[in-house]
Amino acid sequence: MTVDLLVHDAGEVLVGPDDQLLEGASVVVDDGEIVATGPASEIEREYPREEANRTIDAAGQAVIPGFVDSHTHALFAGDRSDEFAAKLRGKTYQEILAEGGGIHRTVDAVRGASRETLLDNLLAELDVLLAHGTTTVEVKSGYGLDLETELLMLDVIGEADDRHPVEVVPTFMGAHAVPRDADADAYVDRVVDEFLPAVAEQGVATFNDVFCDEGAFTVEQSRRVLEAGKEHGLTPKIHAEELARTGAAQLAAEVGAASADHLLLATREDAEALFEAGVTPTLLPGTAFGLDTEYADVELFRDVAAEMGVDAPAVAIASDLNPNCYAQSMGFASTLACVGMKLPPTDALLAATAGGARALNRSDGLGTLRPGAPADLAVVDAPTAVHVPYNFGVNTVETVVKGGRVVANGGRVVHE
Ligand code: NIG
Ligand code: FE
């Protein structure tokens, strides 16, 4: 049978949470979707190589689903590399933020940047993400903190999605920080009364996220923002239990968030409430690594998930790409999930693919290589998928396919 693409004879294919790893397997793609994934000999009988419009010989290589990076602040301007050095000298993230640095500096830079610069910046980040195997990425606004700049960010995110092979999922995050010299409650009033209606009217965001933490927004303020977003059709997400334990995870459960993210300080009760409400815990090991703090307790989430019968993968991992955590590679995030959190390698990869899809409320098979799923995959130049976390500090991804098209090769985006 003629098909668009045949990725054949892979040493190993990571199919998805239940089917896991197949040795000596091929993947059949047609019309942007996975048609079949199975043993190479069986696939060859039904889909002979000569009849495929395009073939990729993956002998000696591994094939994994494209990474689904469900938490980034990938659109920004400016440079905060000096904060990296300051943190090494002992300054904390909170101190930098309280002194008007951190997010506030990026807000200054974004407000001062042209639309063209912002778009160029995001497209450049997307090139790097794609070359490292990420085929779907969530990108948040939140470096505008005024209506005009928040809408500009969302507009740029939408245009980047149109122009770039990576699929970009837009999240409004007006409540990312209390603007300098603003009163928190008064700012929340504006987010609720002005920003959210405008964002909803323009149809430029899918999710609505809040930084619910010490030095940012309280649980009460966050609840107002998330409830108001829901009234406008935006699905809640929340930065929860990162710097202080505030009750943000319980709020995520209460409002039915798609995900609760960070969760360094979450408790067993928090994990139970999240799974009970169908919220995907999203862990960001790059942030812990960059700040040299404790990692989230993935064992806790996995134990509770097992007790409650939650399907694997119980959690998502994401990059948290932002100027405080300047790391685009989901392969490296999976390394950190293994080394920092002791997540088994295959589970780390599942959390970075199918887990990310769940954190974005996707139920179309995204993040798997099962029949019917979007044909998003990465061919890894290594004998097994475990090499992705195992071989860190380099890009092991050779070829990237998005929607059935080859979009990156040898570390570079392919414009065909
Ligand atoms: O997820 N915690 C808030 N937001 C980001 C950091 C953004 C920044 O520092 O610019 C995060 O880590
Ligand atoms: Fe974040």
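Modelled spin labels at Val406 and Asp185, positioned 7 Å past Cα toward Cβ, are 6.1 nm from each other. Note on Glu220 and Glu46: the extension gain reaches 56.8 nm, defined as 0.36 nm multiplied by sequence separation minus the Cα-Cα distance.
Test of understanding: ordering Met308, Met341, Met173 by Cβ neighbours within 10 Å, fewest first, what list do you get?
Met308, Met341, Met173
Shape verdict for the range 273-374, please, from the Cα gyration tensor: rounded (a/c under 1.5), prolate (a/b greater than b/c) or oblate. Oblate. When Lys237, Lys230, Lys140, Lys402 are sorted by how many other C-beta atoms sit within 10 angstrom of their C-beta, beginning with the fewest, the order is Lys230, Lys402, Lys140, Lys237. Ellipsoid fit via the Cα gyration tensor, the range 50-104: semi-axes of 45, 14, 10 Å, each the root of five times an eigenvalue, largest first. For the range 165-224, the square roots of the Cα gyration tensor eigenvalues, ordered a ≥ b ≥ c, give a/c of at least 1.5 with a/b greater than b/c, which places it in the prolate category. Ranking Gly404, Ala352, His232 by Cα position along the charge dipole of the chain, where only Lys, Arg, Asp and Glu carry charges on their C-beta atoms, puts Ala352 farthest toward the positive end. Measuring nothing but how far apart in sequence close Cα pairs (under 8 Å, 6+ apart) lie, relative to its length, the chain scores a relative contact order of 20 percent. Extension gain for the segment Asp19 to Arg54, taken as residue separation times 0.36 nm less the Cα-Cα distance, is 10.0 nm to one decimal. The label-point distance for Glu276 and Glu294, in a model that sets each label 7 Å from Cα toward Cβ, rounds to 2.3 nm. Farthest toward the positive end of the dipole of the range 153-310, out of Leu265, Gly215, Val168, is the Cα of Val168, where the dipole comes from beta carbon charges about the Cα centre. For the pair Leu88 and Glu194, label points projected 7 Å from Cα toward Cβ lie 4.1 nm apart.
Starting from the Cα gyration tensor of the range 360-416, take the square roots of the eigenvalues, sort them a ≥ b ≥ c, and report rounded, prolate or oblate (rounded when a/c is under 1.5, otherwise prolate if a/b is larger than b/c, else oblate). Because a/c hits 1.5 or more and a/b fails to exceed b/c, the range 360-416 counts as oblate. Potential lengthening of the chain between Ser81 and Phe392 amounts to 109.7 nm, from the contour at 0.36 nm per residue minus the alpha-carbon distance. Shape summary: the chain maps onto an equivalent ellipsoid whose semi-axes, from the alpha-carbon gyration tensor, are 36, 22, 20 Å in decreasing order.
Read-outs: derived from the displayed coordinates by stated rules, not from any lab. Small disclaimer: the values here were computed from a predicted structure and weren't measured. Cβ atoms come from the backbone with ideal geometry, glycine included; neighbour counts cover every protein chain shown.
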